[in-house]
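The values are calculated or read from the model by the stated rules, or taken from the named source; none is laboratory data. Fair warning: this is a prediction, and the values are worked out from it, not measured in the lab. Note that we place each Cβ from the backbone using ideal geometry, even for glycine, and neighbour counts take in every protein chain shown. Only protein heavy atoms, including side chains, enter the accessible area calculation; ligands, DNA and RNA are left aside. Shrake-Rupley method; radii C 1.70, N 1.55, O 1.52, S 1.80 Å.
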Amino acid sequence: MKTSSAFSSKVLEIDTEGVTQEIEQAIRKIVFHRFRRWGAVVGLSGGVDSSVTAALCVRALGKDRVVGLFMPEDESSEDSLRLGRQLTEALGITSIVEDIGPTLKALGCYRRRDDAIRRVIPEYGDGWKSKIVLPNLVDSAAYALYSVVAQSPTGETRRVRLTAESYLGIVAATNFKQRARKVVEYYHADRLWYAVAGTPNRLEYAQGFFVKNGDGSADFKPIAHLYKAQVFQLGRYLGVPEEILRRRPTTDTYSLEQSQEEFYFSLPLETMDLCLYAKNHGVGASEVASVTGLSVEQVQRVYAMINSKLRSTQYLHLPPQLIEKVDEVHADTVG
Amino acid sequence: MDRAEARDSAQATLPQEVMFHMQEIAQKIRCFVIDNFLFGEADDHFSNDDSFFENGLVDSIGILTLVEFVRDKYAISIEDEEIVPDNWDSVSRVAAFIQTKLGAKA
């Protein structure tokens with residue numbers, strides 16, 4: 001583990017030009033030379049991560065070799081499509097809208113999710129909205145037990161702790177959204193002989209904030225090594241529209257608006273970024289506390305939470321496990 | 001005195017028949033943990049005082065499952081604020097928590 005001598009919020013500052021060039025070269029090498037594909041498909045959410053990923057692909061491969069996909073569904077925010085269009089216009093790339101709502105309905109995504117919610121809120125039904133949220137894991141020792149927050153058509157809100165069965169049912173049904181999008185991305189990648197770009201930043205990648213074989217699936221992930229603050233810096237450097245840079249990161253997965261903080265990270269992403277960096281570089285809790293404004297105990301809980309997520313999300317990162325190594329395949333794909 | 005100390009102190013003064021009952025509860029919890037989280041493969045080193053969390057035995061889904069097992073088995077209601085590591089992070093802690101809840105119910 002590396003040790004930091006002077007920890008401050010400036011540790012996340014990067015040489016945007018240098019980093020951009022490095023990623024551009026890597027994308028060209030991966031897509032053209034290793035994959036021998038002709039371009040890249042990027043699913044666009046109207047957020048900064050997918051915008052920066054698309055902008056980097058354009059610089060690396062050329063605007064005629066990048067396709068942006070908008071994949072709204074019945075519960076998507078209208079902002080996602082509007083902001084996504086601002087980006088594709090700015091980049092000058094082809095964009096395609098694929099409404100995945102009917103596919104999700106056919107798969108029973110909404111019905112199965114609502115059935116799972118009704119296990120804890122029997123009256124939940126048409127016209128209701130919902131999201132799932134975590135308790136505050138930073139201020140006191142607590143388990144990461146999710147609750148559902150449901151809003152009735154008349155605006156009354158209820159918060160109920162989920163049972164294991166209802167929690168797993170909601171997540172399993174909701175994961176159809178990320179997986180359906182990936183199916184569409186690979187359809188276009190296959191027909192164009194392109195590769196699929198994944199869009200996670202380091203917080204998401206390291207902390208397992210993705211759906212296995214959903215948004216976690218991709219042929220390459222060009223910003224997975226970058227902290228969120230660094231993605232914003234690249235966004236500014238690459239000319240990502242200001243409104244996208246100012247938008248608060250949301251999951252855009254549940255019908256009630258849900259921040260990534262309440263769904264997964266428990267802290268503002270700026271603070272989580274610094275804590276993850278500090279932990280990765282062996283910075284002590286007291287030093288992190290003085291920079292972030294958290295107490296030493298809070299930083300220790302955040303460190304424990306990071307470790308816990310690293311451990312519990314290992315499964316998401318693992319490829320299919322073989323009983324024996326298949327040498328002839330492995331020799332061709334590594335390197 | 002924090003909650004854990006209060007619980008330990010309360011246990012130290014429990015009469016013998018209650019202690020016996022507690023061992024029975026601990027044994028049931030231990031069996032549940034071994035069956036569900038250790039897949040029946042517990043070795044002799046697994047102690048009733050081992051932290052579930054520090055040993056990576058139980059994640060949040062596991063805790064939920066354990067909470068639901070305890071709730072149904074002992075017919076006790078468990079409030080959100082009671083689902084904290086002080087009460088649920090080892091076989092002994094869970095047994096003591098159940099004992100306290102059953103005592104309060106009696």
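So if we plug the beta-carbon distance of A:Glu270 and A:Phe35 into 1/(1 + (r/R0)^6) with R0 = 30 Å, what FRET efficiency do we get, rounded to 0.05? Efficiency at R0 = 30 Å is approximately 0.30. Each peptide in A:284-295, A:307-318 receives the mean, over its residues, of other Cβ atoms within 10 Å, and ordering these scores from highest gives A:284-295, A:307-318.
Spin-label pair A:Ala172-A:Arg246: with each label point 7 Å from Cα along the Cα-Cβ axis, the two points sit 4.3 nm from one another.
For the protein assembly as shown, the carbon plus sulfur part of the accessible surface works out to 50%, probe radius 1.4 Å.
In this rough spin-label picture, where each label sits 7 Å from Cα along the Cβ direction, the A:Arg118-A:Asp79 distance is 3.2 nm.
For every other residue with a beta carbon closer than 15 angstrom to the beta carbon of A:Pro241, add +1 if it is Lys or Arg and -1 if Asp or Glu, then tell me the sum. Present the calculation step by step, with values, prior to reporting the outcome.
Numbers: positive: A:Arg82, A:Arg85, A:Arg236, A:Arg246, A:Arg247; negative: A:Asp49, A:Asp79, A:Glu89, A:Glu242, A:Glu243.
Counting the neighbours of A:Pro241, the net charge comes to 0.
For q = 0.10, 0.22 Å⁻¹, what log10 I(q)/I(0) does the stretch A:89-189 give under the Debye formula with an equal point scatterer on each alpha carbon and no solvent? At q = 0.10, 0.22 Å⁻¹ the computed log10 ratios are -0.39, -1.11.
Summed over both chains, the contact between A and B buries some 1400 Å² of accessible surface at a probe radius of 1.4 Å.
Extent of the protein assembly as shown along its three principal axes (Cα atoms, max minus min coordinate, largest first): 80, 56, 50 Å.
Could you tell me the calculated FRET efficiency between A:Arg311 and B:Ala104, based on Cβ-Cβ distance and R0 = 25 angstrom, to the nearest 0.05? Kindly include the intermediate steps, with their values, before the conclusion.
Working: r = 35 Å, r/R0 = 1.39.
The formula returns an efficiency of 0.10 here.
Gap in Å between the Cα centre of the stretch B:22-77 and the Cα centre of the stretch A:215-282? Spelled out, the Cα-based centre of one part sits 36 Å from the other.
The modelled label-to-label distance for the pair A:Lys325/A:Asp15, using points 7 Å beyond Cα in the direction of Cβ, is 3.7 nm.
For peptide A:138-145, compute the average count of partner chain beta-carbon atoms within 10 Å of each residue's beta-carbon.
Details: counts 0, 0, 3, 5, 6, 14, 5, 7.
Going residue by residue through A:138-145 and averaging, the value is 5.
For the stretch A:148-205 versus the stretch A:294-309, the spacing of their alpha-carbon centroids is 26 Å.
The mean accessible area for residues of the protein assembly as shown, using a 1.4 Å probe and ignoring ligands and nucleic acids, is 50 Å² per residue. Extension gain, A:Ile96-A:Val296: 0.36 nm per intervening residue step, less the Cα-Cα distance, totals 67.2 nm. A Förster radius of 25 Å combined with the Cβ-Cβ distance from B:Asp44 to B:Gln23 puts the calculated FRET efficiency at roughly 0.90.
Run through the DSSP bridge list for chain A and note the antiparallel percent, rounded to the nearest 5. Show your work: numbers first, answer last.
Working: 11 of 24 bridges.
The answer is about 45 percent antiparallel.
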